[in-house]
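To start, the structure under review is shown below, and the notes come after it.
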Amino acid sequence: FRLNIEGLLVYFPYDYIYPEQYSYMLELKRTLDAKVCYNPFIKLISSCMQYAYPLEVTKLVYCSRTVPEIEKVVEELRKLMDYYAKQTGVKNDFLALALSSRKNLCIHPEVSSLRFGKEVDGKCHSLTASYIRAQHHSNPSQPVCQFFEEFDAVGRQVPIPPGIYNLDDLKDFGRRKGWCPYFLARYAILHANIVVYSYHYLLDPKIADLVSKELAKKSVVVFDEAHNIDNVCIDSMSVNITRRTLDRCQTNVETLQNTISRIKETDAAKLREEYRRLVEGLKEANVARETDIYLSNPVLPDEILQEAVPGSIRTAEHFVGFIKRFLEYLKARLRIHHVVQESAPQFLKDIYEKVCIDRKPLRFCAERLRSLLRTLEIADIADFSAITLISHFATLVSTYSKGFTIIIEPFEDRTPTIANPVLHFSCMDPSIAIKPVFGRFQSVIITSGTLSPLDIYPRILDFRPVTMASFTMTLARTCLCPLIVGRGNDQVAMTSKFETREDFAVIRNYGNLLLEMSAIVPDGIVAFFTSYIYMENIVASWYEQGILENIQRNKLIFIETQDAAETSMALEKYQEACENGRGAILLSVARGKVSEGIDFVHHFGRAVIMFGVPYVYTQSRILKARLEYLRDQFQIRENDFLTFDAMRHAAQCVGRAIRGKTDYGLMIFADKRYARADKRGKLPRWIQEHLTDGSLNLTIDETVQLSKHFLRQMAQPFRREDQLGLSLLTLEQLQSEDMLQKIAQIAQQA
Amino acid sequence: MASLSEEVLLVVKRVRQRKQDGTLYLMAERIAWGPEGKDRFTVSHLYADIRCQKISPDGKAKIQLQLILHTGESTTFHFSNGSTALKDRDATKELLQQLLPKFKKKANKELEEKNRMLQEDPVLFQLYKDLVVSQVISAEEFWANRLSLNTVEHSLSNNSKQEVGISAAFLADIRPQTDGCNGLRYNLTSDIIESIFRTYPTVKQKYAENVPHNLTEKEFWTRFFQSHYFHRDRISTGQQDIFSECAKQDEKGLKSMVTQGVKNPMVDLLLLEDKTLDEGYGTATVPTTSNSSNKSLRENSNSAIIKRFNHHSAMVLAAGLRKADAPSDQASETSSTDGNSRDSDFFQLPLKKVKLQESIEYDDLQGDSGRKTIALNLKKSDRYSHGPIPLQSQHYTTSQDIINSISIIQHEMRNYKPRLTQVMSSNAASSAITALSPGGLLMQGGGQQTINQLVPTDVQIELKHLYTAAGELLRHFWSCFPVNTPFLEDKVKKCTFALIFTN
């Protein structure tokens, strides 16, 4: 139906609406010229906004986290546009598309059969790189990708017809036309109205520069599932260098050297040409650049120097010599026996003293290498990842003097006898990566079901939100049941605290909890552990104690492993077992892939058990450095941040089980520490509200009683009439005066 | 004593049966026992009649062997020949073990079937008593057209009967008990063995290969429980273990399952991540390649346990489903083996679409349109409201139609079986009769209560039996037409005679 939100006409493709959704749209409308930080509880809401503005805003960039998420968003969009067309009768020329990596879009029969993204990228590059295609002109036997050639020949002139294109639609379209869907999509995002892709395309400067550079300033950017956004930012700016990297880099350098000397004999003009360009400070001409997948400069656009490459590294041989020196220096640094931690300026000073490398040429390292690789027409770029990494490190370390730290560890903490030196160049300030996004785009919306507490996000990301709001959930029945289990039946405290986590009684009590729950909960149960190693240990001792056998009497057991393919299979079998009524238990890990990307809706997750508080591994030096930085720069205390981080992951885990208001699920927090106000207070509002004082420190028996009661209630038929007027509204109800007042209370300005 | 001319395979002396000493003979087709000093067998069983044999556990004072027949009777032999008793018993057992399966295969399947049918269906049993036992028609005739139709039905009912799944904890149910002297005792039931075989086909294969040629059954299971295969947390080292191959095959199976990938793209973790960070970027520590070598033994065994649980659950799940979707499984396998990515792409698409659609649907936000009903499509609505009227002559049936319908009717008649338990209730029947009889509805009041009360129950039962018997006879009678063989003619005569006789 149509809604009128303060003067704006909104089409809503369903017959009923949740009050939260209306409230969310309202907030959105009021504040859309600005950066917003939101906390809705289901994702549907966040995609609601997409139809509020298609006509006002030139472009909407929607970033999500996983490929299934991206595809879901596009499907929802399709539904909306169908509805829109039906209501208005006008077929609007509206283009929305999803963009993903080559692996998901390639239709070349040979290339797309490769399994790993990197292989696909490399193979694609060897067929489509600009000089390969130039060679193809003179020598037709040189293989090229006919899909790309076709696209290049005609695809650009003919705009892609308006419509909604999901990944598969793009492939279909590509097959029909014989065009490469990947490059088609990359080209089409420039004039598409809605673009849906993953965070990295916007946040990682190396990729963003290639893909998202030309997006219009007036775009609205949405980060969905943004509770982890700071980690994405940090990851995209950090570099690790091991001895293996250096060895491979060494071979890279040798290859370069050989290639240079060979070219010098055959085609010296080419090198001279490059030199001339560098003198003039020209950026490479943009011709046919889009197929070259050299990672772009790792630093942010406004940090890139707009001047000529310094003379000392202008000729190819000099540059290779320069890199060699740098490499030797790094090798020397890795030959240590104790941990070293230093800042970027310290590192620069040291490198200047030891090998006389200046800051300025270092800053140009990445750019210079890119130019060289292109000049030398290196075919398989994947081989040169090591030297690219080193050059990026050089550029990053010389560009940023703040917000980064260098940690050199001679060995892993767990295996002090085995030398495995690693140089971590770690970004500590997520705001560095996201800043250009805030600076560039008209509005940025950060939204997720588990952003909590809200006020910490503006602080760690360093922005001033125009509006922050969190929404509660209106429920006709309490369809979620958070319980905090603090003790076993023997009154021994249950906790994954470091001192007691290996305690026999704690492990046994955890086992008993799972056993009891497996007997009363129908269908699927998902249990999360704090870390993989902890899970392994617990599973082993449950096996020895015979607890697992008893659990098997009730349900099948599947366990997440460190191998993604194996886990996928376990997951599918788990769903199968839930589907056919046997019921199953999935043992999984917080912060793992399962907890981040898989939903356990309806019968796939009737109960989620969180064993322990999922603190990050606090002994890591990188984390310690980051905590220190947060304390000094943003006045965030270590403990606050750690708790915040643990709680957002816990919320993320338990939130996987609930999708809509017809769904229901138990959320069991099995650690007495959850009962403390500082932990509890950091849970999302919609969970906190249902956490009564009576359910804060339960024993296993009490938990079982409460759960039984809850499940019995939930098993009663739940009809629309029960919801209507409370948590589900028709258009008429929505327009009544007192309902609007109620809705106003849903959003809580933080 | 014609039976003496049979080939005697084994003679065991001093075997007691019912407290009498005697001699046990194992012959080509039967087992027999005769008391001492008499030259006739008081006990004689065809192998085909024997359902199974049981032996007394080792270490018991009495060394016995029990035969259980299909009829449920049993015969126990007590081997009492002092020192060699155990050897005698084992020899007998071994021989029987080899002989019985041979006969079991051709063991009277039919007889069993008939037995089962009679037991399951009391009406049929009664009919059998009335017609066959009283020798109105012969047993062959009685079964002749019943079995064929029943095997069809039987197989149907067999299909619909749900196969019982396997308890996930079946291995846990084999509780080892200490026998007091540093040993463990496992109790295996045939159910558990069945579960093991169904879940781990490789073990079954091993069993078929090794038992009884290389190992006895007992040895086989002993080794099974000793093997690393059973105790997965122990890292396998020995190569001589016959189960190490099983473990390897399982591993292979697991690997192939993994490489086959998952059908549902929404749970494929490999596809989850859109753009992975290149190696070397990011804060997460890079997993070193030497990881597996420097893992401690304990960690290795832990991950072995985890793998095992995943595999076990998958196998149990598969065992439950194997019957149901064997053909479809095969289909998917073939399609994935030749799966160049394009193929699998097309293959995958619809499933992916469906899953995506599923994931964006919120049933409570939708209107009621979700529940789809099939609209009643009336071609002639007046006919619907007026009820059936005589057909106008515009519709002719062709001769082909007629022939077809006749053959259909014939076919149905052939398969007709009175479902006596499912006819209408006597009340309804009697009211229908009164309604149709002269006077119609007006007479109803008087007629209804009578029949049940006027006639004593035994007469009623007698009448019922007579009715069904007559019905069966009539069925036989009509099924003889058209009469085209002398045998059928003979049968018709007999039936007619019997019918007249019963009347």
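Only residues that are part of a helix (DSSP H, G or I), at the interface with chain B (Cβ under 9 Å from one of its Cβ atoms) and either more than 28 Å from the chain's Cα centre (by Cα) or small (Gly, Ala, Ser) (or both) were counted in the stretch A:78-115, giving 2. Name the single residue, out of those in the stretch B:27-40 being at pLDDT below 80 and within 40 Å of the chain's Cα centre (by Cα), that is surrounded by the fewest Cβ atoms within 10 Å (Cβ to Cβ). Among them, the one singled out is B:ALA28.
A Cβ distance below 8 Å, combined with a sequence gap of six or more or placement on separate chains, defines the contacts here; from the stretch A:240-252, residues that are within 8 Å of chain B (Cβ to nearest Cβ) reach residues that are open to solvent by 40 Å² or more (accessible area, probe 1.4 Å) and not hydroxyl-bearing (Ser, Thr, Tyr) in the pairs A:ASN240/B:VAL286; A:THR242/B:VAL286.
For the stretch A:556-583, filtered to residues that are in a helix (DSSP H, G or I), within 7 Å of chain B (Cβ to nearest Cβ) and hydroxyl-bearing (Ser, Thr, Tyr), the residue that is nearest to A:ASN537 (Cα to Cα) is A:THR567. Filter the stretch A:153-199 for residues that are at pLDDT below 85 and touching a Pro at 6+ places or on another chain (Cβ under 9 Å); which is farthest from A:ILE446 (Cα to Cα)? Only one residue fits best here, namely A:HIS191.
One line per residue, one yes/no per condition, for (1) at pLDDT 90 or above; (2) assigned to a loop (DSSP other than H, G, I, E, B):
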site: A:ILE622; (1), (2): no, no
site: A:LEU642; (1), (2): yes, no
site: A:ASP663; (1), (2): no, yes
site: A:ARG673; (1), (2): yes, no
site: A:LYS682; (1), (2): no, yes
site: A:THR703; (1), (2): yes, no
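Consider the stretch A:584-627 and keep the residues that are within 20 Å of A:ILE229 (Cα to Cα), more than 12 Å from every other protein chain (Cβ to nearest Cβ) and in contact (Cβ under 8 Å) with a residue 60 or more places away in the chain. The one that is nearest to the chain's Cα centre (by Cα) is A:ALA590. Among the residues of the stretch A:176-195, those that are in contact with a helix residue (DSSP H, G or I) (Cβ under 8 Å, 6 or more places away or on another chain) and either of a type outside the set (Val, Ile, Thr) or within 11 Å of another protein chain (Cβ to nearest Cβ) (or both) comprise A:LYS177, A:GLY178, A:TRP179, A:CYS180, A:PRO181, A:TYR182, A:PHE183, A:LEU184, A:ALA185, A:ARG186, A:TYR187.
Taking the stretch B:239-283 as the range and being modelled with pLDDT of 70 or more, more than 30 Å from A:THR242 (Cα to Cα) and open to solvent by 60 Å² or more (accessible area, probe 1.4 Å) as the test, the residues that pass are B:GLU245, B:LYS248, B:GLN249, B:GLU251, B:LYS252, B:LYS255, B:SER256, B:THR259, B:GLN260, B:LYS263.
Residues that are among the hydrophobic types (A, V, I, L, M, F, W, C), assigned to a loop (DSSP other than H, G, I, E, B) and open to solvent by less than 50 Å² (accessible area, probe 1.4 Å) are absent from the stretch B:13-26 altogether. Away from chain B (no Cβ under 14 Å) and either touching a helix residue (DSSP H, G or I) at 6+ places or on another chain (Cβ under 8 Å) or over 27 Å from A:HIS602 (Cβ atoms) (or both), is that true of A:ARG501? Considered against the rule, which asks whether it is away from chain B (no Cβ under 14 Å) and either touching a helix residue (DSSP H, G or I) at 6+ places or on another chain (Cβ under 8 Å) or over 27 Å from A:HIS602 (Cβ atoms) (or both), A:ARG501 comes out as yes. Quickly run through the stretch A:714-738 and pick out the residues that are part of a helix (DSSP H, G or I) and within 37 Å of the chain's Cα centre (by Cα). A:MET714, A:ARG720, A:GLN723, A:LEU731, A:LEU734 - these are the residues of the stretch A:714-738 that are part of a helix (DSSP H, G or I) and within 37 Å of the chain's Cα centre (by Cα). Just one residue in the set A:PRO416, A:PRO361, A:PRO345, A:PRO410 is closer than 30 Å to A:ILE460 by Cα and away from chain B (no Cβ under 11 Å); that residue is A:PRO345. Is at least one residue of the stretch A:283-295 of a type outside the set (A, V, I, L, M, F, W, C), modelled with pLDDT of 85 or more and either within 29 Å of A:MET428 (Cβ to Cβ) or open to solvent by 30 Å² or more (accessible area, probe 1.4 Å) (or both)? So far as the stretch A:283-295 goes, no, none of its residues is of a type outside the set (A, V, I, L, M, F, W, C), modelled with pLDDT of 85 or more and either within 29 Å of A:MET428 (Cβ to Cβ) or open to solvent by 30 Å² or more (accessible area, probe 1.4 Å) (or both). In the stretch A:538-554, the condition of being in a strand (DSSP E or B) and open to solvent by less than 20 Å² (accessible area, probe 1.4 Å) is met by no residue. The set of residues from the stretch A:638-667 being over 16 Å from A:GLY681 (Cα atoms), open to solvent by 10 Å² or more (accessible area, probe 1.4 Å) and of a type in the set (D, E, K, R) comprises A:GLU638, A:ARG656, A:ARG659.
Applying the criterion of at least 1 residues that are more than 22 Å from A:SER371 (Cα to Cα) to the helices (runs of 4 or more DSSP H) found wholly in the stretch A:117-221 leaves A:117-128, A:130-138, A:146-150, A:167-177, A:181-188, A:200-203. Within the stretch A:626-640, the set of residues being in contact with a helix residue (DSSP H, G or I) (Cβ under 9 Å, 6 or more places away or on another chain), part of a helix (DSSP H, G or I) and within 14 Å of A:MET428 (Cα to Cα) comprises A:ARG626, A:LEU627, A:GLU628, A:LEU630, A:ARG631, A:PHE634, A:GLU638.
Is there a residue being of a type outside the set (Val, Ile, Thr), under 23 Å from A:VAL74 (Cβ atoms) and open to solvent by less than 40 Å² (accessible area, probe 1.4 Å) anywhere in the stretch A:213-222? Within the stretch A:213-222, one or more residues are of a type outside the set (Val, Ile, Thr), under 23 Å from A:VAL74 (Cβ atoms) and open to solvent by less than 40 Å² (accessible area, probe 1.4 Å). Taken as a whole, the stretch A:420-427 holds at least one residue that is at the interface with chain B (Cβ under 9 Å from one of its Cβ atoms), open to solvent by 10 Å² or more (accessible area, probe 1.4 Å) and over 24 Å from the mean Cα position of the chain (by Cα).
The values are calculated or read from the model by the stated rules, or taken from the named source; none is laboratory data. Everything numeric here is computed off the predicted structure, so don't read it as measured data. Here Cβ is always computed from backbone atoms with ideal geometry, including for glycine, and neighbour counts include all displayed protein chains. The protein model used for the area step is the full one, side chains on, heavy atoms only, and it has no ligands, DNA or RNA in it. Shrake-Rupley method; radii C 1.70, N 1.55, O 1.52, S 1.80 Å.
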